[in-house]
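Any read-out appearing in this document is the output of simple, stated calculations on the displayed coordinates, not a laboratory observation. None of the values given here were measured: they were computed from a predicted structure. Cβ coordinates were reconstructed from backbone atoms using ideal geometry, including for glycine residues, and neighbour counts include every protein chain displayed.
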Amino acid sequence: RMYTLTSGDAFLSGMTSHCAKLEHTCAPGIWVKGRNSSFDTRIYGTTVLMPYVPDVVGHYMDEVLTLGGIGIEVSKVKNSNTGKPLSGNRGVQSSVEVSYPTGTNPGWSARPPMAQPRKYANGVPLADGTLFVVGGNSGSGVAGGVVLNPELYDGNSWSQLPPHDTPRTYHSTALLLPDGSVLSAGGNTALRDYQIYKPAYLTNDEPRPVIT
């Protein structure tokens with residue numbers, strides 16, 4: 001995935017452990033490699049630019065999370081026949097890492113893991129600053145170990161939410177709608193249906209977020 005940072009730079013982060021910033025004030029721009037995440041590879045993992053929530057003095061911090069996926073550890077030892085590095089499969093992950101690409105320490109550090117390991121998941125930043133993660137599966141193949149319970153991350157911990165009806169695995173999608181709810185649809189194991197998640201700020205008489 002690629003995101004626009006508050007600095008104006010573009011930030012690239014995704015399936016591999018590599019990340020980089022594109023400083024494009026002068027054409028054609030310069031790619032600056034960042035520090036690698038702890039996992040060499042997160043196949044079918046999820047990367048999200050978190051909502052911009054100001055700190056106590058009103059400053060905003062670019063915060064990128066990478067989570068889940070199939071963890072592949074690439075060894076420095078090479079195969080004697082092919083010359084390629086040996087790799088080991090760590091299985092589907094619940095682990096979470098965070099980077100602050102415009103901060104003083106732009107490396108990656110661990111965050112509390114999700115309640116369930118999942119690949120093929122979708123992450124949707126909500127209007128109140130939390131992260132909604134929906135769909136995916138924890139087993140082998142497209143449909144093995146389907147995960148039906150979404151999770152909500154408040155920056156400190158994860159909480160599980162009521163399950164959705166239809167598996168949302170490979171090729172599924174989710175997005176925030178203008179009214180603050182989330183549409184979840186698609187997936188290789190899904191029919192032509194979709195479901196809507198309504199966050200607590202729409203259902204529990206909580207103050208609705210105000211975009212300032």
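Sort out for me the Cα centre separation of the stretch 109-153 from the stretch 1-41, rounded to whole Å. Using only Cα atoms to place each centre, the spacing works out to 23 Å. Compared with the rule-of-thumb size 2.2 N^0.38 Å for a compact globular protein, the stretch 121-189 has a Cα radius of gyration ratio of 1.09.
For the stretch 1-75, what does the relative contact order come out to in percent, with C-alpha contacts under 8 Å and a separation of six or more?
Relative contact order comes out at 26 percent.
Each helix, a run of at least 4 DSSP H residues, gives -39500 (n - 2.57); summed and divided by the residues of the chain, these come to -500 deg cm²/dmol at 222 nm.
In percent, rounded to a whole number, the relative contact order of the stretch 137-212 is 19, using alpha-carbon pairs under 8 Å and six or more apart. What are the residues whose amide H is under 5 Å from the amide H of G34, where those residues sit 5 or more places off or on another chain and H is modelled from the backbone? Sorted by chain and number, the residues that satisfy this are C19, A20, K21.
For E97, the shell of other residues with beta-carbons less than 13 Å away shows a net charge of +1, using +1 for Lys and Arg and -1 for Asp and Glu. Remark: the A200-Y100 segment gains 33.2 nm on full extension, using 0.36 nm per residue and subtracting the alpha carbon distance. Taking every alpha-carbon pair under 8 Å whose residues sit at least 6 apart, the chain reaches a relative contact order of 12 percent. If you take every residue apart from P117 with its C-beta less than 14 Å away from the C-beta of P117, what net charge results, scoring Lys and Arg +1 and Asp and Glu -1? Cβ neighbours under 14 Å give a net charge of +3. Rg and Dmax of the chain, based on Cα coordinates, read 18.3, 64 Å.
Between L191 and V57, residue separation times 0.36 nm minus the direct Cα-Cα distance comes to 43.5 nm. Model label sites at L175 and R35, defined 7 Å from Cα along the beta-carbon direction, differ in position by 3.5 nm. Translational diffusion coefficient of the stretch 13-52 (Stokes-Einstein, Kirkwood radius from Cα pairs, 20 °C, 1.002 mPa s): 184 µm²/s.
For the chain, modelled as a Gaussian network with Cα springs under 10 Å, which listed residue fluctuates most, N89, N149, N36? In this elastic network of the chain, the residue with the biggest mean-square fluctuation among N89, N149, N36 is N89.
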